[in-house]
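The values are calculated or read from the model by the stated rules, or taken from the named source; none is laboratory data. All values derive from a computational prediction rather than experimental measurement. Positions of Cβ are generated from backbone atoms using ideal geometry, with glycine treated the same way; all protein chains shown enter the neighbour counts.
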Amino acid sequence: MPNYRLTLSYEGTRYRGWQKQGNTGNTLQEKLENTLSRLLGEIVEIAGCGRTDAGVHARRQVCSFRTNQTLDCTETLRRLRDVLPEDIGALSLEEAAPRFHARLSCTGKTYCYRIRTVETPDVFSRRFVLPCPGKLDTAAMRQAAEALCGKRDFSAFCSLKNRKKSAVRELREIRFEETPEELRLYFTGDGFLYNMVRILTGTLLEVGLGQRAPESMEAILASLDRAKAGPTAPALGLTLWEVYYDG
């Protein structure tokens with residue numbers, strides 16, 4: 001059964017997240033599965049490399065799926081672009097190795113969180129940027145970010161209470177990018193827990209606003225207690241930026 005790799009981008013504003021759910025049909029996974037099933041005339045199930053939350057965007061999301069057909073990828077991609085809504089973009093489609101799986105084969109991801117640091121609104125980016133006007137102490141934020149990097153138990157930075165799997169992840173880098181109007185935080189790791197990037201962002205913003213000491217990160221990590229970390233930053237500022245695979 002041929003295996004295919006589909007790369008997408010999407011604006012997540014109006015969707016209830018990536019993963020299909022029993023109480024709503026308004027998810028990206030269900031939208032794509034229904035669209036591909038109609039196009040190919042058979043039931044298609046897709047796996048995404050990550051499960052973005054409601055309102056979170058993706059610059060690059062990789063999916064995999066199998067079909068009974070041998071597809072002309074160029075023609076199938078054209079047809080898919082014709083029928084997808086304007087907030088979902090099909091970037092590429094290619095046949096993948098038989099054992100390729102978008103999630104299980106993924107070796108790392110980068111998320112970007114955008115923060116607007118000036119008072120003047122920008123109507124063109126309002127769905128993608130968290131307004132946070134005022135002076136942020138980015139030096140303190142960088143100090144806190146360094147303490148968060150490494151292979152650690154990130155239980156304190158996860159919203160899922162009844163978690164069965166390990167909360168150990170390797171946060172490889174938190175990179176800062178500043179402009180006169182915006183601060184972007186890029187989080188790169190081997191994987192992320194539920195709400196992890198948004199909680200990390202909320203905690204770093206508290207440091208930047210002088211509400212929390214940068215030296216407190218080690219104590220938060222050691223506590224394994226979600227209540228010790230900062231708030232969950234809103235979804236709109238977060239984008240799945242890049243995904244990585246060996247080779």
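Key figures for this structure:
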read-out	value
Flag if residue 40 is surrounded by 12 or more Cβ atoms within 10 Å (Cβ to Cβ) and either out of contact with any Cys (no Cβ under 9 Å at 6 or more places or on another chain) or hydrophobic (A, V, I, L, M, F, W, C) (or both)	yes
Pick from the range 1-32, criterion surrounded by 14 or more Cβ atoms within 10 Å (Cβ to Cβ) and of a type in the set (A, V, I, L, M), ranking: nearest to residue 245 (Cα to Cα)	6
Residue check, residue 205 in a strand (DSSP E or B) and either closer than 29 Å to residue 16 by Cα or free of Cβ contacts under 8 Å to residues at least 60 places away in the same chain (or both)	no
Unmet criterion (only one of (1) among the charged types (D, E, K, R); (2) within 21 Å of the chain's Cα centre (by Cα); (3) surrounded by 16 or more Cβ atoms within 10 Å (Cβ to Cβ)) for residue 212	(2)
Number of the exception - residue 56 against (1) under 17 Å from the mean Cα position of the chain (by Cα); (2) surrounded by fewer than 17 Cβ atoms within 10 Å (Cβ to Cβ)	(2)
Residues of the range 73-109 satisfying the condition of being part of a strand (DSSP E or B) and small (Gly, Ala, Ser)	89, 90, 92, 108
Qualifying positions in the range 118-173 - surrounded by fewer than 18 Cβ atoms within 10 Å (Cβ to Cβ), in contact with a Lys or Arg (Cβ under 9 Å, 6 or more places away or on another chain) and either among the polar types (S, T, N, Q) or on the phi > 0 side of the Ramachandran plot (or both)	125, 150, 159
Extreme residue, surrounded by the fewest Cβ atoms within 10 Å (Cβ to Cβ), among residues of the range 85-117 that are small (Gly, Ala, Ser), touching a Leu at 6+ places or on another chain (Cβ under 9 Å) and over 23 Å from residue 197 (Cβ atoms)	92
Some residue of the range 34-49 being within 14 Å of the chain's Cα centre (by Cα) and in a loop (DSSP other than H, G, I, E, B)	yes
Verdict on residue 225 being under 18 Å from the mean Cα position of the chain (by Cα), among the charged types (D, E, K, R) and surrounded by fewer than 17 Cβ atoms within 10 Å (Cβ to Cβ)	no
Residue match in the range 188-200 (condition: surrounded by fewer than 15 Cβ atoms within 10 Å (Cβ to Cβ), touching an Asp or Glu at 6+ places or on another chain (Cβ under 8 Å) and modelled with pLDDT of 95 or more)	no
Residue that is nearest to residue 231 (Cα to Cα), among those in the range 110-160 that are hydroxyl-bearing (Ser, Thr, Tyr) and assigned to a helix (DSSP H, G or I)	155
Answer from 155, 159, 92 - the residue that is under 22 Å from residue 215 (Cα atoms) and touching a residue at least 60 places away in the same chain (Cβ under 8 Å)	155
Residues being more than 18 Å from the chain's Cα centre (by Cα) and hydrophobic (A, V, I, L, M, F, W, C) - total across the range 150-167	1
